[in-house]
Amino acid sequence: MASALSDKLSRLVKQMRGQARITEENVQEMLREVRMALLEADVALPVVRDFIARVKEKALGKEVVGSLNPGQALVGIVHRELVSTMGEGVADINLAAQPPAVILMAGLQGAGKTTTTAKLAKHLIEKRKKKVLTVSGDVYRPAAIEQLKTVTKQAGAEWFPSTPDQKPVDIARAAVDHARRQYFDVLLVDTAGRLAIDEAMMREIKELHAALKPVETLFVVDAMQGQDAVNTAKAFREALPLTGIVLTKLDGDSRGGAALSVRQITGAPIKFAGVSEKIDGLEVFDADRHAGRILG
Ligand code: GDP
């Protein structure tokens with residue numbers, strides 16, 4: 001489990017050599033390094049605080065204090081705590097609903113909603129053998145409707161038309177009717193985002209949620225958003241009962257600390273990671289691997 005953090009802790013522990021044993025103060029000093037590592041990975045400050053408090057309790061036990069290699073022991077605790085916070089095991093898409101199972105996509109503009117909608121369509125077709133329909137409720141940006149049409153075709157799914165003069169709720173209802181009549185298993189509903197949190201956007205997506213009663217409400221968030229991801233996550237969690245998170249743009253050079261922040265703030269499992277712009281760039285989220293990435 002070599003990481004930038006474990007190197008730093010090893011160096012720190014070397015300086016403590018000569019002492020009879022590791023003291024509580026030494027543990028505090030090591031925790032400061034952990035804190036720095038999490039902040040460098042762009043985990044939000046309040047989330048870091050909670051996390052460190054949990055790790056501290058464990059680190060003061062004999063696993064670290066009595067260890068021959070306290071630095072490694074602490075890294076082990078931090079790694080395990082990261083994994084358990086971000087969620088162990090695989091959380092696949094829930095489709096347990098009277099067909100069509102409706103999946104509502106929520107998130108800011110640019111987060112990757114439309115791309116993820118198509119990636120998810122492809123995943124459900126290939127891995128779950130489902131018949132999938134997509135629809136866009138983004139009546140403000142005709143280009144977004146066209147974009148969904150294009151990527152849906154690439155995914156091998158079907159697309160339901162919508163136009164800017166319609167109301168999102170009417171579009172969604174018409175799409176559900178169509179999906180039911182044509183025996184689609186899943187309907188993916190892409191929605192309008194904004195560049196920042198906005199009352200009207202939240203009202204609209206709440207209305208969509210109430211009308212559609214989706215089996216999954218996925219919050220799509222850009223891993224590169226770093227610290228800001230917390231405020232976005234808070235706003236969406238307050239507006240909607242989120243059932244899952246998709247963290248996009250993990251192919252970028254961020255250390256992905258947003259995963260920890262968003263998971264802790266929403267309580268919803270991180271189901272998928274976006275790892276490229278391409279239609280097959282979606283992976284089931286792996287908390288263990290991601291913990292390694294956060295620790296650098
Ligand atoms: P929306 O406004 O939320 O619907 O976002 P889009 O789906 O239009 O995506 C915004 C931009 O991010 C586009 O240029 C996408 O190609 C890009 N994008 C989306 N997901 C990923 C990803 O996982 N990795 C990378 N590198 N780019 C992504």
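The values are calculated or read from the model by the stated rules, or taken from the named source; none is laboratory data. Not measured: the values here are computed from a predicted model. Here the Cβ is made from the backbone with ideal geometry for all residues, glycine too, and neighbour counts use every protein chain on show. For accessibility, only protein heavy atoms count, side chains too; no ligands or nucleic acids. Shrake-Rupley method; radii C 1.70, N 1.55, O 1.52, S 1.80 Å.
Observations on the structure shown:
- Scanning the range 206-229 for residues that are open to solvent by less than 10 Å² (accessible area, probe 1.4 Å) and more than 12 Å from the ligand (Cβ to nearest atom) yields L208, E216, T217, G226, A229.
- Filtering A59, A44 for residues that are touching a Ser or Thr at 6+ places or on another chain (Cβ under 6 Å) and open to solvent by less than 50 Å² (accessible area, probe 1.4 Å) leaves a single hit, A44.
- Verdict on A121 being more than 11 Å from the ligand (Cβ to nearest atom), over 21 Å from F236 (Cα atoms), within 22 Å of the chain's Cα centre (by Cα) and at pLDDT 95 or above: yes
- Single residue of the range 99-118 satisfying the filter (in a strand (DSSP E or B) and within 14 Å of the ligand (Cβ to nearest atom)) that is farthest from the chain's Cα centre (by Cα): L104
- The set of residues in the range 47-56 being charged (D, E, K, R) and either over 23 Å from D222 (Cα atoms) or surrounded by 22 or more Cβ atoms within 10 Å (Cβ to Cβ) (or both) consists of R54, K56.
- Any hit, the range 157-177, residues being within 16 Å of the ligand (Cβ to nearest atom), part of a loop (DSSP other than H, G, I, E, B) and under 17 Å from L242 (Cβ atoms): no
- Verdict on T134 being surrounded by 24 or more Cβ atoms within 10 Å (Cβ to Cβ), within 16 Å of P168 (Cβ to Cβ) and within 8 Å of the ligand (Cβ to nearest atom): no
- Taken over the range 75-114, the residue count meeting the criterion of being buried (at least 24 other Cβ atoms within 10 Å of the Cβ), closer than 25 Å to D288 by Cα and among the β-branched types (V, I, T) is 2.
Quick grid of which residues meet (1) within 22 Å of E33 (Cβ to Cβ); (2) touching a residue at least 40 places away in the same chain (Cβ under 8 Å):
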| position | (1), (2) |
| --- | --- |
| R237 | no, no |
| L240 | no, yes |
| A258 | yes, yes |
| I265 | no, yes |
| I270 | no, yes |
| G292 | yes, yes |
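- Residue list for the range 232-269, restricted to those being open to solvent by less than 10 Å² (accessible area, probe 1.4 Å), away from the ligand (no atom under 16 Å from the Cβ) and in a loop (DSSP other than H, G, I, E, B): G257, A268
- Of all residues in the range 183-202 being modelled with pLDDT of 95 or more and open to solvent by 10 Å² or more (accessible area, probe 1.4 Å), the one that is nearest to T266 (Cα to Cα): D185
- In the range 137-159, the residues that are open to solvent by 40 Å² or more (accessible area, probe 1.4 Å) and either closer than 14 Å to I279 by Cβ or not acidic (D, E) (or both): Y140, R141, P142, A143, Q147, K149, T150, K153, Q154, G156, W159
- Residue among E126, E146 that alone is more than 16 Å from the ligand (Cβ to nearest atom) and in a helix (DSSP H, G or I): E126
- From the options S67, S10, residue that is more than 21 Å from H290 (Cα to Cα), assigned to a loop (DSSP other than H, G, I, E, B), at pLDDT below 90 and open to solvent by less than 90 Å² (accessible area, probe 1.4 Å): S67
- Among the residues of the range 270-296, those that are part of a loop (DSSP other than H, G, I, E, B) and farther than 20 Å from D42 by Cβ comprise S276, E277, K278, I279, D280, G281.
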